Amino acid sequence: MKSSEIRQAFLSYFERQGHQIVDSSSLVPADDPTLLFTNAGMNQFKDVFLGKEHRDYRRATTSQKCVRAGGKHNDLENVGYTARHHTFFEMLGNFSFGDYFKRDAIRFAWEFLTEELQLPKEKLWVTVYKDDSEAEEIWFNEMGIDQSRFSRLGEKDNFWAMGDTGPCGPCTEIFYDHGPDIAGDPPGGPNDDGDRYIEIWNLVFMQYNRTADGELHALPKPSVDTGMGLERIAAVMQHVHSNYEIDLFQNLLNAASKLLDGVPTTEKSLRVIADHIRSCSFLIADGVMPSNEGRGFVLRRIIRRAVRHGNKLGAQDNFFHKLVGALVKEMGDAYPELIREQAQIERILLQEEEQFARTLDKGMRLLEQDIAALDGNTIPGETIFTLYDTYGFPVDLTNDIARERGLELDYAGYEKAMAAQKEQSRQASKFGVDYNDSIIVEGSTDFTGYEATEGADRVKAVFVE
Ligand code: ATP
Ligand code: MG
Ligand code: MG
Ligand code: MG
């Protein structure tokens, strides 16, 4: 089954079960300052779950554009390292607004996977939230799931929340076992916990609203929100392990390979590029413009990452914008905004490529020199700062390069250099001299430093969103 056929099969299955097919909402969340980009199918229904908004249907189904490149769900650094993460992906979902609850949610999902798609039951594994005996009983007694492929997990995996505040609840997840050949798992990204058993579908039992004080309040009506990654289920249906091997990505990768001297489509950097052309194009189609703050800065960072990976593969010329055509061919039918905005997307990407190309080579040379002269394995803060300030290398881009070489970044030193520069320009402005004249990218306004992420020893850039 092609990806587009799976999307269609999903929507029509749920339509037959009385669900209203609703269009994907924009990647820029409407009136929701708590959210960087749309990160799940339920976002557009947030107020319906909260009981603040009413629709004339109580069951809905969507194929939702999602971007996870910042905020609570951030997969930017997984791209290229795992078989299953993208910055942009499509989330297939079915929703109940105070209509059906656990029993039907589980039954629909199981029926869709094992009857509609005919997946073998023995390849499907299930998890539930540790306290959710009700869901567990439905799985055992009604779906007949085998004990040996079942487990209870805690908050981190089986309690879903769209952000720090908002609707949330316990969930049950379905995984597909890609088999023991994957046992030597490719080393995963920082958030990766393995690629043999790939999570395909999350069924969330929306029961609470978390407020800013951290309190959970019961929602007016228990509801259901599910999400299944189209690319992941397509990989299963197409008997491939990695999302990058599905039809849609193969076409994008082939197009990218043609532009880059026939680089093999299994090349990690090519996969990053194929991933990034989707998020960048869809973000621009939804009105995000590259800039030095907020959403626009995330977009700029993704574009620069893609350009750097192209450069690494030996790109001689601006190449990134040339991939838009292949994407439009692949996804324009399902998302006509891509067709409508194609010229604009190409223009903006080219402009960004040109701008970054002016400093990329010089920045890389500086970095190579500094790496060659390194004593230990930590890139000094001064270098990170100069790359950022003078050559337009967002810090996560420098980190991307460092990670490829097994090096680390001195974030504290970087912050110090940043603070010193701020102080200097504050002093200078007193005298009316602008020392920032020569600075190509001023991006410090929204930068708030680094923070250790929970359970991980890496550090992550935190941007005010
Ligand atoms: P994972 O644990 O693999 O990172 P998740 O638990 O973060 O996934 P959910 O928030 O439960 O994902 O989202 C629902 C579904 O969306 C997942 O089961 C998966 O099929 C899909 N999905 C989530 N993140 C991505 C991504 N970055 N790229 C592609 N598909 C994704
Ligand atoms: Mg995740
Ligand atoms: Mg998960
Ligand atoms: Mg999940």
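The values are calculated or read from the model by the stated rules, or taken from the named source; none is laboratory data. The structure displayed is predicted, hence computed values, not measured ones. Cβ placement follows ideal geometry from the backbone for every residue including glycine, while neighbour counts extend to all protein chains displayed.
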- [ ] Look through segment 68-86, keep the residues that are touching a Leu at 6+ places or on another chain (Cβ under 8 Å) and more than 7 Å from ligand 1 (Cβ to nearest atom), and return whichever of them is nearest to SER223 (Cα to Cα).
- [x] GLY71
Task: Residue check, ILE106 surrounded by 17 or more Cβ atoms within 10 Å (Cβ to Cβ) and either closer than 26 Å to SER24 by Cα or touching a Pro at 6+ places or on another chain (Cβ under 6 Å) (or both) - done: yes
Task: Evaluation of ILE21 against (1) surrounded by 16 or more Cβ atoms within 10 Å (Cβ to Cβ); (2) modelled with pLDDT of 95 or more (one fails), failing number - done: (1)
Open item on the list: Just to verify a result, which residue in segment 124-152, among those that are in a helix (DSSP H, G or I) and modelled with pLDDT under 95, is nearest to ligand 1 (Cβ to nearest atom)?
Closed with: ARG149
TODO: Note down all Cβ pairs under 7 Å where the first residue falls in segment 217-235 and is over 12 Å from CYS168 (Cβ atoms), the second is assigned to a helix (DSSP H, G or I) and within 16 Å of ligand 3 (Cβ to nearest atom), and they're at least six residues apart or on different chains.
DONE: THR226/ALA109; GLY227/GLY41; GLU231/ASN243; ARG232/ASN243; ALA235/ASN243
Task: Test: ASN243 is under 25 Å from MET1 (Cβ atoms), touching an Asp or Glu at 6+ places or on another chain (Cβ under 9 Å) and within 16 Å of ligand 2 (Cβ to nearest atom) - done: yes
Open item on the list: Show the residue pairs meeting these rules: Cβ distance below 6 Å; 6+ apart or different chains; first residue within segment 153-173 and within 12 Å of LEU35 (Cα to Cα) and part of a loop (DSSP other than H, G, I, E, B); second residue within 12 Å of ligand 4 (Cβ to nearest atom) and modelled with pLDDT of 90 or more.
Closed with: MET162/ALA40
TODO: Select from segment 30-74 the residues that are among the charged types (D, E, K, R) and outside any loop (DSSP other than H, G, I, E, B) and write down the one among them that is nearest to HIS19 (Cα to Cα).
DONE: ARG59
- [ ] Output yes when any residue across segment 231-240 is modelled with pLDDT under 95, more than 13 Å from ligand 2 (Cβ to nearest atom) and over 19 Å from SER63 (Cα atoms), and no when none is.
- [x] no
